[in-house]
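As structure tokens, the structure follows; a few thoughts come after it.
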Amino acid sequence: MQPFSGLALLRRGLSGQRGWTTQWRSPEPKAAYDALIVGGGGHGLGAAYYLAREHHLTNIAVLEKGWIGGGNTGRNTTIIRSNYLFDESAALYDHAVRLWEHLSQVLNYNVMFSQRGVMMLAHTVHDAQVFKRHVHANRVNGVDNEWLTPAEAKAFCPLLNIGNIRYPVLGAALQRRGGTARHDAVAWGYARAADALGVDIIENCEVTGIRRDAGGAVEGVETTRGTIRAPRIGVAASGHTSVIMKMAGIELPLESYPLQALVSEPVKPVFPCVVMSNTIHAYISQSDKGELVIGAGTDAYTSYTQRGGLHITSHALEAICELFPMFRRLRMLRNWGGIVDVTPDRSPIIARTPVPGLYVNCGWGTGGFKATPGSAHVFAWTIAHDEPHPINAPFTLERFRDGRLIDEAAAAAVAH
Amino acid sequence: MLLIDCPYCGERPELEFVYGGQAHVARPAQPAQVSAQQWADYLYRRDNTRGVHAERWRHTHGCGRFFNALRDTTTDHFLATYKVGEPPPTVAAPVPR
């Protein structure tokens, strides 16, 4: 791996930017590996990286049906926070935030992690009560979160309209350690670091079947680029996880919905933080390129189309324009959709499955990006040890049978 | 926005409807008799079909009635709508993308 540094940049700059090498190889798939990861998004690439670096499993491959980071890793609104209500969730998401804080140095890749603060607006008495409960629960769990009055919220984000609007701002919960990161760089950084450790990243390779031996354990996959054998397979295929897992006869409590986002034309830096409003349903931040990155809600129906209805995005824009009147004359540059896999309790599943050698990391719903390093780290542990890391031990598939839900869905007024 | 053919009212915009999830999920007749896994399957497990999906819709801002639909989840193209209690109609192969 060619290390990146200020000196390297200067040296290449003086020699006409020649001599940069490709950041990861594009190998042909081998006939067999020690482990396979299905899904070349942040969670899958990260899992491969941690398998190689921390568990010394280097004869492994990541299979991606398109190009890496072309799914939800490249389609989300890049918000990172860990202010979840329940102990299990707070531990999982804060594990991720702690890894984010050093990720650029660890990967030698600038993922542009920016702890600019995530502010969640309360518009009703119920919101205010729920957010204050979150603030207290988070602080007990060592996760920073604080309650702001409307004036304090406006001081933190001066563009915010706390005046006479349909759903007035009654206050806000602020996590100062929250923020954003460059989503593409997360996929590329993990891919480059994993490749340097010997991991094969195989793009344009769609899994079409899962092979199992006489005892029922996995022994490999059928792909559009041939059969690849491996005794351990980790699936991190987000919205398409149901489709992959059915190939091994496993039915999951997942439904796949379109989730849309959009960006404005780029403007000079105007927006200092991340603002989320779950009640009137919009979230917004400004990318380092200058575009305002705006997230909408999910469409009502399950779908695999990677697009949704225009009324969903226009609803989000109405909310943005009311909260930030100065954006009313901004033009939107483009919008898109991603397919998110939603569990009944809105918490992920990171676990072994009833099929020996098959592991699944899914159900991140609308909020998987923030968890990327933590999710990848504990998923790699689970694959390497054939048992969950203490952090992901509660996030089993069996919790739905046993009634041990981690019910962030019922922890109202929180988008996921 | 989808255009949905309510079997009672005809084609109306999606905004008049509420999605009701997968159709033909039968509630166990004797919940106390089934295993925890069977009950969990009834509550939580869904086909999440990539392809032709049988699903419920309710024409909330119209006739107010539930009905079922067949929709291709790879295109969002509706293949048929039919009344509750009727079996899913046989439909031609989904329209290619």
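The values are calculated or read from the model by the stated rules, or taken from the named source; none is laboratory data. Here the structure is a predicted model, which means the values were calculated and not measured. Cβ sites come from the backbone with ideal geometry, for glycine too, and all protein chains shown count toward neighbours. SASA here: full protein model, heavy atoms, side chains in, ligands and nucleic acids out. Shrake-Rupley method; radii C 1.70, N 1.55, O 1.52, S 1.80 Å.
Observations, loosely collected:
- Across region B:49-67, the qualifying residues are those that are closer than 23 Å to A:LEU252 by Cα and not aliphatic (A, V, I, L, M), and the one among them that is farthest from the other protein chains (Cβ to nearest Cβ) is B:ARG56.
- Top-ranked residue in region A:223-234 [being part of a strand (DSSP E or B) and open to solvent by less than 60 Å² (accessible area, probe 1.4 Å); ranked as nearest to the other protein chains (Cβ to nearest Cβ)]: A:THR223
- The residues on offer are A:GLY69, A:GLY16, and the sole one that is open to solvent by 20 Å² or more (accessible area, probe 1.4 Å) and not in a helix (DSSP H, G or I) is A:GLY16.
- Residues of region A:345-401 that are in a helix (DSSP H, G or I), within 14 Å of the chain's Cα centre (by Cα) and basic (Lys, Arg): A:LYS370 alone.
- Test: residue in region A:287-297 that is out of contact with any helix residue (DSSP H, G or I) (no Cβ under 9 Å at 6 or more places or on another chain) and either open to solvent by less than 10 Å² (accessible area, probe 1.4 Å) or aliphatic (A, V, I, L, M) (or both): yes
- In region A:332-368, residue most open to solvent (accessible area, probe 1.4 Å) [restricted to those that are touching a His at 6+ places or on another chain (Cβ under 6 Å) and on the phi < 0 side of the Ramachandran plot]: A:THR366
- Of the numbered criteria (1) more than 14 Å from chain B (Cβ to nearest Cβ); (2) open to solvent by 10 Å² or more (accessible area, probe 1.4 Å), the one A:ALA237 fails is (1).
- Identity of the residue in region B:4-42, in a helix (DSSP H, G or I) and facing chain A (nearest Cβ under 7 Å), that ends up farthest from A:THR298 (Cα to Cα): B:ALA36
- Counting the residues of region B:68-94 that are under 10 Å from the mean Cα position of the chain (by Cα) and either at the interface with chain A (Cβ under 9 Å from one of its Cβ atoms) or β-branched (Val, Ile, Thr) (or both) gives 3.
- Scanning region A:241-251 for residues that are more than 7 Å from every other protein chain (Cβ to nearest Cβ) and either crowded, with 23+ Cβ neighbours inside 10 Å or more than 24 Å from A:ARG307 (Cβ to Cβ) (or both) turns up A:THR241, A:ILE244, A:MET245, A:MET247, A:ALA248, A:GLY249, A:ILE250.
- For the residues A:ARG329, A:ARG307, the requirement of being surrounded by fewer than 23 Cβ atoms within 10 Å (Cβ to Cβ), in contact (Cβ under 8 Å) with a residue 12 or more places away in the chain and among the basic types (Lys, Arg) singles out A:ARG307.
- For first residues located in region A:380-409 and more than 14 Å from chain B (Cβ to nearest Cβ), partners that are outside any loop (DSSP other than H, G, I, E, B) and open to solvent by 30 Å² or more (accessible area, probe 1.4 Å) and lie 6+ apart or on another chain with Cβ distances below 6 Å form the pairs A:ALA384/A:HIS55; A:HIS389/A:TRP381; A:ILE391/A:ALA91; A:PRO394/A:GLU88.
Table: residues versus (1) out of contact with any Ser or Thr (no Cβ under 9 Å at 6 or more places or on another chain); (2) outside the structural domain of A:SER375 (by TED's automatic domain parsing); (3) aromatic (Phe, Trp, Tyr).
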position	(1), (2), (3)
A:SER277	yes, yes, no
A:GLY297	no, yes, no
A:TYR301	no, yes, yes
A:GLN306	yes, yes, no
A:GLY309	yes, yes, no
A:ARG352	no, no, no
A:PRO356	yes, no, no
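- Residue within region B:43-55 that is assigned to a helix (DSSP H, G or I), closer than 19 Å to A:THR302 by Cβ and over 12 Å from the mean Cα position of the chain (by Cα) present: yes
- Exclusive hit being within 14 Å of chain B (Cβ to nearest Cβ) and of a type in the set (S, T, N, Q), set A:GLN260, A:GLN286: A:GLN260
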